[in-house]
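First up is the structure itself, then whatever we jot down about it.
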């Protein structure tokens with residue numbers, strides 16, 4: 001059984017490193033090692049996560065995925081969540097999460113009878129569904145509160161829209177356009193999604209070409 005670490009990089013580098021260390025320690029305590037890391041820059045409630053899909057493609061039947069929290073996988077809309085579960089079940093992939101102790105039983109080598117394995121699988125499946133529902137509701141509530149806050153600010157004439165991070169955009173432009181780094185490397189260095197890199201690089205490149213053409 002190979003174990004693969006899956007992390008979301010939407011938090012700070014310090015938090016990502018802390019999570020990586022915690023996962024490494026748990027796996028080592030159980031006498032295993034992590035065969036590879038998959039670090040995701042994409043976010044949101046859809047299954048459009050390149051690193052997760054790459055992990056699912058790389059993993060063999062019976063392998064395991066270790067994560068810091070269940071919501072790293074389960075913060076999806078309902079349709080995407082059930083699709084992900086189907087993909088996991090097709091390869092009989094085990095999901096081990098630091099915040100779900102019952103999932104740690106996947107590391108136990110002594111469980112050989114099918115009945116016990118089926119019971120553990122059922123319990124973990126139930127817990128994951130419950131935590132997925134909680135994560136989904138939390139995500140929806142935050143989006144609703146955000147929309148309500150924007151609407152209120154608009155009514156009061158205070159909302160100016162999301163302001164672009166000019167310094168970050170310039171860094172993306174320099175790395176991707178000027179220095180020719182790949183989209184994925186630029187995304188990792190700037191801690192943004194690949195979609196953001198594509199959008200910002202295209203926008204700034206177009207703006208600067210227009211400016212040159214007009215003799216600015």
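The values are calculated or read from the model by the stated rules, or taken from the named source; none is laboratory data. Given the structure is predicted, the values throughout are model-derived calculations rather than measurements. Here the Cβ positions follow ideal geometry from the backbone for every residue, glycine too, while neighbour counts run over all protein chains shown.
Worth pointing out:
- Taking every residue in the range 170-188 that is touching a residue at least 40 places away in the same chain (Cβ under 8 Å) and not assigned by TED's automatic domain parsing to the domain that holds residue 7 and pairing it with any residue that is surrounded by 14 or more Cβ atoms within 10 Å (Cβ to Cβ) and not in a helix (DSSP H, G or I), at least 6 positions away or on another chain, the pairs with Cβ-Cβ distances below 6 Å are 187/41.
For (1) over 15 Å from residue 16 (Cα atoms); (2) surrounded by fewer than 18 Cβ atoms within 10 Å (Cβ to Cβ); (3) modelled with pLDDT of 85 or more; (4) touching a strand residue (DSSP E or B) at 6+ places or on another chain (Cβ under 8 Å), each residue gets a yes or a no:
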{"residue": "37", "(1), (2), (3), (4)": "no, yes, yes, yes"}
{"residue": "48", "(1), (2), (3), (4)": "yes, yes, no, no"}
{"residue": "51", "(1), (2), (3), (4)": "yes, no, yes, yes"}
{"residue": "56", "(1), (2), (3), (4)": "yes, no, yes, no"}
{"residue": "59", "(1), (2), (3), (4)": "yes, no, yes, yes"}
{"residue": "64", "(1), (2), (3), (4)": "yes, no, yes, yes"}
{"residue": "67", "(1), (2), (3), (4)": "no, no, yes, yes"}
{"residue": "72", "(1), (2), (3), (4)": "no, no, no, yes"}
{"residue": "75", "(1), (2), (3), (4)": "yes, no, no, no"}
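- Number of residues in the range 77-103 that are crowded, with 16+ Cβ neighbours inside 10 Å and either modelled with pLDDT under 80 or over 21 Å from residue 60 (Cβ atoms) (or both) equals 4.
- When the helices (runs of 4 or more DSSP H) confined to the range 120-216 are screened for residues that are at pLDDT 75 or above, exposed (fewer than 13 other Cβ atoms within 10 Å of the Cβ) and on the phi < 0 side of the Ramachandran plot, those reaching at least 2 such residues are found at 166-173, 194-213.
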